[in-house]
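Only one structure is covered here, and it is reproduced in the block below.
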Amino acid sequence: MDQARTNGLFATDGPQQLQSKDAQRCNSDFSRQEQQQKNCQQQACALENKTAHSNNVKPLQQNKNAHTADMFTCSETQDAFTLTDKIKYLKSKNLLNDSQEIEADIFPQFVNLLYEFRDIFTHSAKDITECNVMECDLLLEDNAKPVRSRPYRLSDDMRKVVDEQLDELLETGMIAASDESQFASPIVIVKKRDGSARFCSDMRRLNKVSKPLNHKLPLLKNIIDVTTRNKAGKLSIIDLRSAYHQIKLSDKSSYQTTFVTPHRGAYRYLRLPQGHRQSSFYMSLVLNKLFRNEINNFLIIYHLICQ
């Protein structure tokens, strides 16, 4: 984070000092650079149609995280948007909120970092893409036979939840109809922390006939070595949205993941499903392949293996 580019923004020890003398001089020159800003706005991607026309963004609160650097150094960055504009955009996408406790001296850098890489964040299931690092094969025990279960009963309200999520998964290409598979797992409805509900495949019988695959976790002494070697003052924890659903399954393995509903037939996963005993292994394997040169230099992959 300390190496992030500040995009010409000046930060001191407190939110009231973010506007430096250079920024004040830029305020006086703002009228002369109005046309230049309009040209920059035409070239900016995403923000011009998303933040400038957003009527749902709440006003920034006056706390230590709602830092208000009202101006930027136009001549250095050629950026048409102020720090406040970027904060509004990030909040509208739930990438920034007032409950985050961020030091005032690094807050502008943090905002600019999020804004610069805003295109890599997903805002819905439609934004999730397929990883091309590898294709996963779910391995069965030797001489294992297909396992089938009847679908569990669902109330009318639960069926509505299932319908909505099935339609979304079909639209995003994460599942497909499966009418010929000899495998069948029922689905259950699970309440999330935010009170919403989602359906999950009950793969306990499938897991009993699947091989356990293990992957080593980093040792504590190695974690300490990495942080000490880099003289880390700050650590960033990065979590992936629907990480399993970004990894492709082989066609043969896809039929093993078939799940049945009481009212809409059977479907199979085209991506790695949650709940399978080998999913955690393949998730760790993909991350280690992807970040082979960064691991133990400045990055640590820590993904729990669930059996």
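The values are calculated or read from the model by the stated rules, or taken from the named source; none is laboratory data. Note that the coordinates shown come from a computational prediction; the quantities given were computed from them, not determined experimentally. FYI the Cβ positions are ideal-geometry reconstructions off the backbone, even for glycines, and counts take in every protein chain you see. SASA here: full protein model, heavy atoms, side chains in, ligands and nucleic acids out. Shrake-Rupley method; radii C 1.70, N 1.55, O 1.52, S 1.80 Å.
Go through Asp157, Asp98 and list them by solvent-accessible area, largest first, probe radius 1.4 Å.
Ranked from most to least accessible, the order is Asp157, Asp98.
Once you have the Cα-Cα distance between Phe291 and Asp98, take 0.36 nm times their residue separation minus that, and quote the gain in nm to one decimal. Spell out each step's value before the answer.
Values: separation 193, 0.36 × 193 = 69.48 nm, distance 3.18 nm.
Separation in residues times 0.36 nm, less the Cα-Cα distance, equals 66.3 nm.
Give me the distance between the Cα centres of region 102-125 and region 205-251, rounded to whole Å.
Taking the Cα centre of each part, region 102-125 and region 205-251 sit 23 Å apart.
Report, please, the projected area of region 135-235 averaged over directions, based on the convex hull of its C-alpha atoms, in nm².
Here the figure is 11.3 nm², rounded to one decimal.
Mind checking which of Leu287, Gly233, Leu270 is farthest towards the positive end of region 205-307's charge dipole, using Cβ charges of +1 (Lys, Arg) and -1 (Asp, Glu) about the Cα centre?
Projecting each Cα onto the dipole axis, the largest value belongs to Leu270.
For region 134-176, max minus min Cα coordinate along each principal axis, in Å, sorted largest first?
That gives 41, 29, 11 Å along the principal axes, largest extent first.
Please sort by residue number the trypsin sites (Lys or Arg not before Pro) in region 241-285 whose DSSP state is loop and whose Cβ has at most 15 other Cβ atoms within 10 Å.
Filter output for region 241-285: Arg241, Arg264.
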